[in-house]
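Worksheet for the structure shown next.
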Amino acid sequence: MNHFFLMLAQSKRHLAFIFITLFFSVPNPTRAADEGAKVVVLKPDATGLPQDGAALIKILEPFKKTGGEVLIDGGVWLIHERVRLPSNVTIRGRNQPVLRQPGPRLVAKPAKAGEKILIINADSEYRAGGELAILPPEESAKRIATVRIKSVEGRTLNLVEPLPDMVPVGSRVGYFHNMFSGHLVSNISIENLTIDGGRDKAIPMPGHAMRTAIWITAPYSYANGPTGKPSSHVTVRHCSINNCYGRAVAFYHVVDSAVIGCHIGNLNDEAIDFDHFTRRCRAIGNTVEDVTIGVELNDASDCEVLHNRIRGARVGVRIWWYSRIKPIKLNEGNLIQHNSIRDVSRLAIYIGPKCHRNQVVQNFFSGRINVIEPDNKIADNTHQKKDSP
């Protein structure tokens, strides 16, 4: 009998998940670009080959003043440099466009200091003008050099400046920028795109503040907190974000923004990150697989994590305080509800010290929930074994 009621509860929860996903699948009647704003269609050429993402950067340049909408109509677009997002912009996909950051390569032949050539181990999608980080063969974040590409001839990279140091065989070479970034921005919508960070598990590269798909920030400092207005009203909706060394979406000092209905997977970092001084942001109806942290709330408050499916993370949802920041009105008032968190290697949900008055309610989970402070509400959550449906 108990098994029957558990299955009934699961069925109701799955129906609720379907409802919430369908609800947020309805096209948003208001977009970041104002009604009547300029719409530019970006189409690939007839060759079927990957296209240069610099075309998107060129379109966005006049939008700094006017705002507008970019409709990317299919194709594969290579992101060789950071795409800087202005305010009042919508970037929307049609016919399944893919925006891809070319992946890293290894150095195939040692290069001496003063040389202006690198030989890499495989063909690449690098191009002239791009900046690459060179890291040592061992798994380390310390750079040997940052270099600019003058030209590409097969597996030979001709550099603009001479190498400052010797580069041994097996050194790792790759782009290091975040793919999309916006600083002190508002009214941005990114919709229906496939974003590929080019991650190769055989070639480890640092992430976190680098190699993130979407990175939105506003001024703050650890000592003084927010030092200017926040970024606001940024929505990432119905995107597939995969193969990143950094995060899929990171908000730092951002308010009233959301990540809705996205599929996120194969990341060496957090999937969704609401970070320092972020408030009133929402992660709703996302599917997250094979990441370190499903949803991170680090010094974030009054945020909502609702109806997400998280699989194969180290930690499903984590709320924690960074010790260099004064814990005043931070890490409080967050709601974690109606999520399914399964197959975690460490914890389903963690709420750390100095994190108060958060709610963890009506979630399905395997693993454990670990909460430090007693004034957080933990109620009506259902623990499931790993082999449960």
Quick check on my filter: what residues within segment 143-183 are of a type in the set (Ser, Thr, Tyr), closer than 25 Å to Val83 by Cβ and not in a strand (DSSP E or B)?
Tyr175
Go through the residues of segment 270-278 one by one and say whether even a single one is assigned by TED's automatic domain parsing to the domain that holds Arg237, crowded, with 22+ Cβ neighbours inside 10 Å and of a type in the set (S, T, N, Q).
yes
List the residue pairs whose Cβ atoms are under 6 Å apart, where the first residue sits in segment 97-119 and is more than 29 Å from Gly48 (Cβ to Cβ) and among the acidic types (Asp, Glu), the second is assigned to a loop (DSSP other than H, G, I, E, B) and modelled with pLDDT of 95 or more, and the two are 6 or more positions apart or on different chains.
Glu115/Leu163
Per the filter on segment 279-306, residues part of a strand (DSSP E or B), touching an Asp or Glu at 6+ places or on another chain (Cβ under 6 Å) and not polar (S, T, N, Q) are Arg279, Arg282, Ile293, Glu296
Considering segment 299-321 alone, what residues qualify as being within 16 Å of Val254 (Cβ to Cβ) and surrounded by fewer than 24 Cβ atoms within 10 Å (Cβ to Cβ)?
Ser301, Asp302, Glu304
Residue in segment 48-97 that is nearest to Lys38 (Cα to Cα), counting only those that are in contact with an Asp or Glu (Cβ under 6 Å, 6 or more places away or on another chain) and surrounded by fewer than 18 Cβ atoms within 10 Å (Cβ to Cβ):
Arg94
In segment 78-119, what count of residues is obtained for those that are closer than 21 Å to Ser151 by Cβ, of a type outside the set (D, E, K, R) and assigned to a strand (DSSP E or B)?
7
Quick one: how many residues across segment 89-141 are aromatic (Phe, Trp, Tyr) and out of contact with any strand residue (DSSP E or B) (no Cβ under 7 Å at 6 or more places or on another chain)?
0
Of residues in segment 253-268 being under 12 Å from the mean Cα position of the chain (by Cα) and surrounded by fewer than 24 Cβ atoms within 10 Å (Cβ to Cβ), the one modelled with the lowest pLDDT:
Asn268
Only one residue in Ile120, Ile149, Ile134 is crowded, with 16+ Cβ neighbours inside 10 Å, touching a Gly at 6+ places or on another chain (Cβ under 6 Å) and within 17 Å of Ala108 (Cβ to Cβ), so which one is that?
Ile149
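The values are calculated or read from the model by the stated rules, or taken from the named source; none is laboratory data. Worth saying up front: this structure is predicted, and the values here are computed from it rather than measured. Neighbour counts run over all protein chains shown; Cβ positions are idealised from the backbone, glycine included.
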